[in-house]
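**Q** Below you'll find the structure I mean.
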Amino acid sequence: MADVFDYLYWRGDLKIRSDKFNDVDALILSRLSYLQFDNIVGNSFSEKITIKQAAKLFFDKKDYSELLLWKGDDKLLREVADSKRFGNMKLSGYCNIVESDKQMQFSAIAIEVSKDLTFISFRGTDNTLVGWQEDFNMFCMFPLPSQEKAVDYVKRAAGYFDGKLILGGHSKGGNLAVYAAAFSKAEIRDRIITIYNQDGPGFDKKTLSTSGFAAIKNKTITNVPQSSIFGMMFEHEEDFTIVKSNQKGFMQHDIYSWEIDRTSLVRLSHTTNLSVFFDHTLTQFAAGMTENERKEFTEGVFYLLNSTENTTFNQIKQNIISNSGTILSSVKNLDSETRSLILSSVLNFIKCAKNNFSDINPLSKENRISREKDKSLKKSNKQK
């Protein structure tokens, strides 16, 4: 089945004015924010450069491969830059901030699709420890520093660009896009025509009851793969679309595995048992701890990871044996209450997983009944 690269091959020669902006275009632009355009795209919205020009400067760097956060992004940039559809879109307002003291990782970029339409793309989590700690903070902190930063970014972009706005992002970037739209002033929200959340987490029920979530519900498009884990975390005010991935498990979070049919994502009717399993397990795990316990657990875990004096997970993996020893040695530096909390939390997670094992056990009564219903539905459809 086709993917985003096939889409670029088929429709890359069609400009937006002759073939209107669609959901696959949004998926591609949501991904572009993962490119590290430091010293290539300016911080100001008035400093503009085309995607084609930015790609040339990026690939002219001898160490460009070290700047890639995720596999496949270099291929995407090359093909997008070479296409008539995307190559002349203008980039500006590049922002890339990692602040360990605030536990914040934030990056965004503005993409001028046309004179009257601007796409604001928010980056998801990178491989920094700070970025992942901020993700964990979703269980115990509101708002996150990056969420507040996203609102400010949209405010500044709306003050500069005329016309309509589209917000989008993948993973945490999708969460930031939704949050920024919900907490923007009404006059800015009115200019936002669509918000794309590409397999990003939702929000807790208390947060969803505040600000403008209800106002943007019908503007929000949330796509999750069939075995989604990240996108099923927390609650979504809006309905979500289940898209087909050619990968399994965690690897479905990779948008390059999502299947494309012409100008749309291939849709499915329901998520897999694995997605339900993780959703139930994480929900029960979080519910079994107080907000303060979740905060102390997160701080304790990342204290141990930071004891390696590495800043990214890639660095930790490169010397995993030595870093594992450092982490184990650092456990003794934790106070007894934190050590006990981490241990009990790990055991509680295992217990929650065990309790929800029936979600993924093909022999469980619930799944046997579900399969029989699916068979009956397929038989009924054939008879029609």
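**Q** Among the numbered conditions (1) within 30 Å of F5 (Cα to Cα); (2) over 21 Å from the mean Cα position of the chain (by Cα); (3) modelled with pLDDT under 90, tell me where T272 comes up short.
**A** Going through (1) within 30 Å of F5 (Cα to Cα); (2) over 21 Å from the mean Cα position of the chain (by Cα); (3) modelled with pLDDT under 90 one by one, T272 breaks only (2).
**Q** Among the listed residues K62, K84, K52, K56, which satisfies the condition of being part of a helix (DSSP H, G or I) and loosely packed, with under 15 Cβ neighbours inside 10 Å?
**A** So the residue among K62, K84, K52, K56 that is part of a helix (DSSP H, G or I) and loosely packed, with under 15 Cβ neighbours inside 10 Å is K56.
**Q** Within the set of pairs 6+ apart or on separate chains, which have a first residue in segment 328-348 that is more than 13 Å from T298 (Cβ to Cβ), a second that is hydrophobic (A, V, I, L, M, F, W, C) and part of a helix (DSSP H, G or I), and C-beta atoms under 7 Å apart?
**A** Correct list of pairs: S330/L304; V331/L304; R339/V331; N348/F285.
**Q** Right, another one. Look through D239, D279, D254 and report the one residue that is of a type in the set (D, E) and either within 24 Å of L8 (Cα to Cα) or in contact with a Lys or Arg (Cβ under 6 Å, 6 or more places away or on another chain) (or both).
**A** One residue alone meets the criteria, D254.
**Q** So the check is Cβ under 6 Å with 6+ separation or different chains; which pairs have a first residue in segment 78-105 that's on the phi > 0 side of the Ramachandran plot and a second one that's part of a strand (DSSP E or B)?
**A** Short answer, once both residue conditions are applied: G93/A110.
**Q** Taking only pairs six or more apart or across chains, which ones have beta-carbon atoms under 9 Å, a first residue in segment 200-225 that is assigned by TED's automatic domain parsing to the domain that holds E238 and free of Cβ contacts under 8 Å to residues at least 24 places away in the same chain, and a second residue that is of a type outside the set (F, W, Y) and not in a helix (DSSP H, G or I)?
**A** Listed by first residue and then by second, the contacts come to A214/E237; K217/E237; K217/E238; K217/D239; N218/E238.
**Q** Turning to a different aspect of this structure: Can you find a residue in segment 114-128 that is surrounded by fewer than 18 Cβ atoms within 10 Å (Cβ to Cβ) and under 20 Å from the mean Cα position of the chain (by Cα)?
**A** Looking through segment 114-128, at least one residue is surrounded by fewer than 18 Cβ atoms within 10 Å (Cβ to Cβ) and under 20 Å from the mean Cα position of the chain (by Cα).
**Q** So which of G163, G124 ends up being on the phi > 0 side of the Ramachandran plot, touching a Leu at 6+ places or on another chain (Cβ under 9 Å) and assigned by TED's automatic domain parsing to the domain that holds A181?
**A** Testing whether each residue is on the phi > 0 side of the Ramachandran plot, touching a Leu at 6+ places or on another chain (Cβ under 9 Å) and assigned by TED's automatic domain parsing to the domain that holds A181 leaves just G163.
**Q** Which of the residues spanning segment 14-31 are touching a helix residue (DSSP H, G or I) at 6+ places or on another chain (Cβ under 7 Å) and either at positive phi or in a loop (DSSP other than H, G, I, E, B) (or both)? Break it down stepwise before answering.
**A** Of the residues in segment 14-31, the ones touching a helix residue (DSSP H, G or I) at 6+ places or on another chain (Cβ under 7 Å) are 19, 24, 27-28, 30-31.
Once the filter is applied, which keeps residues that are touching a helix residue (DSSP H, G or I) at 6+ places or on another chain (Cβ under 7 Å) and either at positive phi or in a loop (DSSP other than H, G, I, E, B) (or both), segment 14-31 yields only D19.
**Q** Now for a different question. Considering only segment 188-242, how many residues are hydroxyl-bearing (S, T, Y) and out of contact with any strand residue (DSSP E or B) (no Cβ under 6 Å at 6 or more places or on another chain)?
**A** Residues flagged as hydroxyl-bearing (S, T, Y) and out of contact with any strand residue (DSSP E or B) (no Cβ under 6 Å at 6 or more places or on another chain) within segment 188-242 amount to 6.
**Q** Suppose we keep only residues that are touching a residue at least 60 places away in the same chain (Cβ under 8 Å) and out of contact with any Ser or Thr (no Cβ under 7 Å at 6 or more places or on another chain) within segment 270-281. Which one would you say is nearest to L341 (Cα to Cα)? Spell out the reasoning first.
**A** If we filter segment 270-281 for residues that are touching a residue at least 60 places away in the same chain (Cβ under 8 Å), which is where we start, we get 273-274, 276-277, 280-281.
After this cut, where a residue has to be out of contact with any Ser or Thr (no Cβ under 7 Å at 6 or more places or on another chain) as well, the list is 273, 276-277, 280-281.
Values: N273: 30, V276: 27, F277: 24, H280: 21, T281: 18 Å.
Here the answer is T281.
**Q** Still on this structure, please answer the following. Within segment 39-67, count every residue that is more than 24 Å from V113 (Cα to Cα) and touching a residue at least 24 places away in the same chain (Cβ under 8 Å).
**A** Qualifying residue count for the region: 1.
**Q** Pull out all pairs, ordered by first then second residue, where Cβ-Cβ is under 6 Å, the residues are six or more apart or on different chains, the first lies in segment 239-265 and is within 19 Å of G124 (Cα to Cα), and the second is among the aromatic types (F, W, Y) and modelled with pLDDT under 95.
**A** Listed by first residue and then by second, the contacts come to H253/F230.
**Q** Determine which member of the set I260, I350, I321, I316 is modelled with pLDDT of 90 or more, surrounded by 16 or more Cβ atoms within 10 Å (Cβ to Cβ) and of a type in the set (A, V, I, L, M, F, W, C).
**A** Unique residue meeting the criteria: I260.
**Q** Output the residue which, of all residues in segment 188-234 that are acidic (D, E) and under 18 Å from the mean Cα position of the chain (by Cα), is modelled with the lowest pLDDT. Outline the logic, then answer.
**A** Here is the first cut: in segment 188-234, the residues acidic (D, E) are 190, 199, 204.
From the residues that got through so far, the ones that are under 18 Å from the mean Cα position of the chain (by Cα) too are 199, 204.
Values: D199: 95, D204: 83.
Among those that are acidic (D, E) and under 18 Å from the mean Cα position of the chain (by Cα), it is D204.
**Q** Identify all residues within segment 73-99 that are more than 24 Å from K48 (Cβ to Cβ) and either touching a His at 6+ places or on another chain (Cβ under 6 Å) or modelled with pLDDT of 95 or more (or both); write none if there are none.
**A** K75
**Q** A further question on this structure: State all residues of segment 136-148 that are surrounded by 21 or more Cβ atoms within 10 Å (Cβ to Cβ) and not hydroxyl-bearing (S, T, Y); if no residue qualifies, say none.
**A** Initially, segment 136-148 is screened for residues surrounded by 21 or more Cβ atoms within 10 Å (Cβ to Cβ), giving 138, 144, 146-147.
Selection gives M138, L144, Q147.
The values are calculated or read from the model by the stated rules, or taken from the named source; none is laboratory data. Not measured: the values here are computed from a predicted model. All Cβ positions, glycine included, derive from the backbone under ideal geometry; neighbour counts span all protein chains shown.
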